[in-house]
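Rule-based calculations on the coordinates, nothing more; no lab input. Because the structure is predicted, anything quoted here is derived from the model rather than measured. As a convention, Cβ positions derive from the backbone with ideal geometry for all residues, glycine included, and neighbour counts pool all protein chains shown.
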């Protein structure tokens, strides 16, 4: 379990005709790569380009075959003035920052604890990963039950010990977003734990020995040896978790549909609704281009950081 | 020293309880009749029943969701492997120009949010009269599975010692022979893990299925979600549906356990 830097390709063929073989290898290489590039171009680049073009027109899903008035960048200027977009972006940012910070802190504590264990680590690893392989829709169902104000497990348990019970988490405009963040924390902290733990396993034993000889305590070791060593893993976590929380859709769609009011509206949900509930396709496509651009800017930033550290 | 060990075990055990209790709760609910579920206090002593499963599989035709999910997952996994494994080898081993450029471009496709793709895909598939077909769903799921295959398999190919492929070259197998007869068999465990992850991601996918599937092609997540939207939730039935959705996931997930984190990080964290 360690993050390796990648070795170079085998482009030094043995014995006869290195140049001829190199050229053949190159031709074969393009031949093997091309089908994937074609599939990705057709399935990803083409729809995105289609979106980009059709976002310049004003049209409803219902008049797909009618002539569509060209409106230029009107759909994009509309984004800037749309109060729902503003609200959705604020919610999305609260969700992204809230979920990731809790996951990082909790994940580090659990990963460090797991690292300290001598027995049962394999079993713990196998059980920890369960939430992240569950479909988000099923996760939503689990939490819909757990937090049900009347018959949910949380209500049943808290009334049994005399705590306030009967709270309608997903129906309250103040609590719905924190509850959605809790669902994300439950599902994805395991990912943070396992990635950080993998990073910790690659720290050499000598470093710990040296620290102990210097009389460093456990907290000191965690802070000045373990934490700096797993910075590449933390960056990876930030990259993947930011991308995935920013596009959050499934659990919000199933649990709150953006409500109550606009209290859990996210940018992904709003785009979906614009297209498939209001049938306002020109605007939906502009919104999807907007999401794409913001995602690409953020991920380019992270990937540059990671490449500099040779972690990706 | 001792103090830290005790604290560590406590932290891990508490965390595991937090992970497992919600899953256990849904399994228990799926075995309860409504009278045992709708109680103000938790009822732990009850007579287990399979009636929820009978209802979900009988009246509610949940098996058609299971069949659709299986077909879509297998289709998109097969397509992604057939196209992606050779590409992964080319990016790992062959002297092509702009290797890092192509690999980076493929990585970027992982960052494209599904919601940005699903809007234009809906229109394109509608125009091509492909909306609601298995093909539409398989194509949509390939957008996330193919980049995973390429990046994961590339990391497995790069870990192979080059000597074996060089030996195949000397034997006159050619570059493709070195790939097909040496590299692919040697990475069989990685290949299997990659396939399992693709099946998993496809099985769990919701947004594409929500928009692109038709009445006859709806997948398991759509079936599960349809239980939640209603005003009075059928907890027994929805829990049984959730457990049916979970069983294959847990089997696949535990089989690919070693490589799960690697798949989720595009091969960056070796597990």
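Observations on the structure shown:
- Net lengthening on full extension, residue A:42/residue A:160 (0.36 nm per residue, minus Cα-Cα): 36.8 nm
- Along its principal axes, region A:55-308 has C-alpha extents of 77, 54, 27 angstrom, given from the largest down.
- Computed helical MRE - 222 nm, chain A, DSSP H runs ≥ 4 contributing -39500 (n - 2.57), nearest 500: -21000 deg cm²/dmol
- GNM flexibility winner over chain A from A:271, A:189, A:62 (Cα, springs under 10 Å): A:62
- Comparing A:265, A:206, A:116 in a Gaussian network model of chain A (Cα springs below 10 Å), the most mobile by mean-square fluctuation is A:206.
- Per residue of peptide B:253-263, the mean number of Cβ atoms on other chains within 10 Å of the residue Cβ is 4.
- The ranking of B:149, B:33 by Cβ neighbour count inside 10 Å, starting from the fewest, reads B:33, B:149.
- Whole-Å semi-axes of region B:193-271's equivalent ellipsoid (Cα gyration tensor): 28, 15, 10
- Point-to-point label distance, residue B:100-residue A:117, nm (Cα→Cβ direction, 7 Å offset): 3.9 nm
- Peptide-level mean, for A:46-56, of C-beta atoms on other protein chains within 10 Å: 4
- Summarising the label geometry, the points placed 7 Å from Cα in the beta-carbon direction at residue B:39 and residue A:294 lie 4.7 nm from one another.
- The ellipsoid equivalent to the alpha-carbon distribution of region A:177-312 has semi-axes of 41, 18, 9 angstrom, derived from the gyration tensor eigenvalues as √(5λ) and listed largest first.
- Taking Cα atoms only, the orientation of helix B:114-127 departs from the longest principal axis of chain B by about 90 degrees.
- A Cα-only calculation for region A:19-133 places Rg and Dmax at 25.2, 69 Å.
- Shielding of A:118-130 by partner chains, average beta-carbon count, 10 Å: 4
- Label-point separation, residue A:68 to residue B:2 (7 Å along Cα→Cβ), nm: 7.3 nm
- Here the residues B:61, A:81, ranked from fewest to most Cβ neighbours within 10 Å of their Cβ, fall in the order A:81, B:61.
- Overall, the ratio between the Cα radius of gyration of the protein assembly as shown and 2.2 N^0.38 Å, rounded to two decimals, is 1.01.
- Normalised by 2.2 N^0.38 Å, where N is the number of residues, the C-alpha radius of gyration of chain B stands at 1.23.
- Sorted fewest first by neighbouring Cβ atoms within 10 angstrom, B:4, A:186 come out as B:4, A:186.
- Computed [θ] at 222 nm, deg cm²/dmol, chain B (DSSP H ≥ 4; -39,500 (n - 2.57); rounded to nearest 500): -24000 deg cm²/dmol
- The alpha-carbon atoms of region B:129-181, seen along their principal axes, cover 51, 21, 10 angstrom, with the largest extent given first.
- Highest mean packing comes first when the peptides B:85-91, B:137-143, A:272-278, B:14-20 are listed by Cβ atoms within 10 Å, giving B:85-91, B:137-143, A:272-278, B:14-20.
- Region A:59-100 - Rg over Rh from alpha carbon coordinates, Kirkwood radius: 1.22
- Förster radius 22 Å - calculated FRET efficiency between residue B:14 and residue A:172 (Cβ-Cβ, nearest 0.05): 0.20
- Among A:44, A:221, A:128: highest mean-square fluctuation, GNM of chain A, C-alpha pairs under 10 Å: A:44
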